[in-house]
1. Residues in the range 64-80: is at least one more than 19 Å from VAL36 (Cα to Cα) and exposed (fewer than 15 other Cβ atoms within 10 Å of the Cβ)?
2. Any residue in the range 128-144 that is over 12 Å from VAL47 (Cα atoms) sitting within a Cβ distance under 6 Å of a residue that is polar (S, T, N, Q)? List the pairs, counting only those 6 or more apart or interchain.
3. If LYS83 satisfies every condition in (1) touching a residue at least 24 places away in the same chain (Cβ under 8 Å); (2) farther than 23 Å from VAL208 by Cα; (3) in contact with an Asp or Glu (Cβ under 9 Å, 6 or more places away or on another chain) but one, which is the exception?
4. Considering only residues that are within 12 Å of the ligand (Cβ to nearest atom) and of a type in the set (A, V, I, L, M, F, W, C), which ones fall in the range 18-47?
5. Need the failing condition index for LEU258 against (1) under 23 Å from LYS22 (Cα atoms); (2) surrounded by 15 or more Cβ atoms within 10 Å (Cβ to Cβ); (3) without any contact (Cβ under 8 Å) to a residue 60 or more places away in the chain, just the number.
6. Please work out which residue is farthest from the chain's Cα centre (by Cα), limiting yourself to the range 75-121 and to residues that are assigned to a loop (DSSP other than H, G, I, E, B) and more than 16 Å from the ligand (Cβ to nearest atom).
7. Confirm whether ASN3 is surrounded by 17 or more Cβ atoms within 10 Å (Cβ to Cβ) and modelled with pLDDT under 90.
8. Is it the case, given these coordinates, that ARG15 is closer than 27 Å to GLU225 by Cβ, touching a residue at least 60 places away in the same chain (Cβ under 8 Å), near the ligand (Cβ under 9 Å from one of its atoms) and of a type in the set (Lys, Arg)?
Amino acid sequence: MKNEYILSGETENLRLDRQNSKPHYLIDDEISYKDVIFPENSKILDVACGTGAFSEYVLKHNINKNIHLEMLDNDNSRLEYLKKKLSEYEKLDNIKLSFTCDDARKLPYRSNNFNAVVNRYLVHHFPRNDNSSQKLVKEAHRVLKPNGKLIVIDVIDILFGIGTTNTELRGLLDELRAVMPLDLYGSLRLPRIMAQNGFKTENISFEVRPCLFAKKNELLSEYEEWKHRFSLLEKSMNQFFGFEKTKRIKELFLSELLKDGTILYWTKTLTIGVK
Ligand SMILES: C[S@@+](CC[C@H](N)C(=O)[O-])C[C@H]1O[C@@H](n2cnc3c(N)ncnc32)[C@H](O)[C@@H]1O
């Protein structure tokens, strides 16, 4: 299976877990827990589950309800890692867990199968100029039962949400935004895509919330995270942005990050549709 995930690498499981433990990644700030309380005996699918941040959130809020949680990712190392992480849940009688390595855009399940499909932080990783988001929504609609719910949490502005006065960095970021092959603003189209793919128009909800990516006292640890993110991005950035510009944007971004008054922000989106 072709893996286009730009951050894939040996350290990605640990990086995702570390990232999800930070205050600005708290799922409680992205969705109301009431949206993930499902009826008894529900079958739920977490698409692009990664190391299971959303899966665990769903499990935590649906204990003792005899739910079946299916987790899908196109990277097997994520799933192996997650299996171990959830081993305590697997011992519980009234929870069934299953794991499948496959593509979110072509789900290996029969139609009318799940009460809910959840998905977090995938859309901005899709390729920019294709119809991956349409495929994700279309497939989710197909595998959902009537009245089933699709919940998509995503972000926009990551990497470009830096409040800096450095004109060279601002120029380079503008250039990068224009050539970055990822669908960085894809989640803004989700309500439209859901409407086009059979979700009930009156029930599609969309929330958008700008927030600080890191508070002042977190910038130092974010410096290390961004250094690591750039090292993961570097190989592909060299190809679409060129070696010199990649090196320069990294240097400038990291040095601006530590200057007094620099802010990092991003915008979270929550889209919910009902079949
Ligand atoms: C940024 S991580 C988010 C993981 C998790 N949902 C979370 O909230 O932490 C994106 C995940 O999507 C997976 N992924 C990327 N493209 C995919 C695809 N086409 N189908 C299934 N999974 C995919 C990656 O392997 C990675 O685990």
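1. Checked against the condition, which is being more than 19 Å from VAL36 (Cα to Cα) and exposed (fewer than 15 other Cβ atoms within 10 Å of the Cβ), the range 64-80 yields at least one hit.
2. Every condition considered, the pairs that remain are LYS138/ASN197; HIS141/ASN197; ARG142/SER111.
3. (1)
4. Residues of the range 18-47 that are within 12 Å of the ligand (Cβ to nearest atom), as a first pass: 18-22, 25-27, 30-31, 45-47.
Correct list: LEU26, ILE27, ILE31, LEU45, VAL47.
5. (2)
6. Result: ASP93.
7. no
8. The answer is no for ARG15.
The values are calculated or read from the model by the stated rules, or taken from the named source; none is laboratory data. All of these numbers come straight from a predicted model, not from anything done at the bench. Methodologically, a virtual Cβ is constructed for each residue, glycine included, from the backbone with ideal geometry; neighbour enumeration extends over all protein chains shown.
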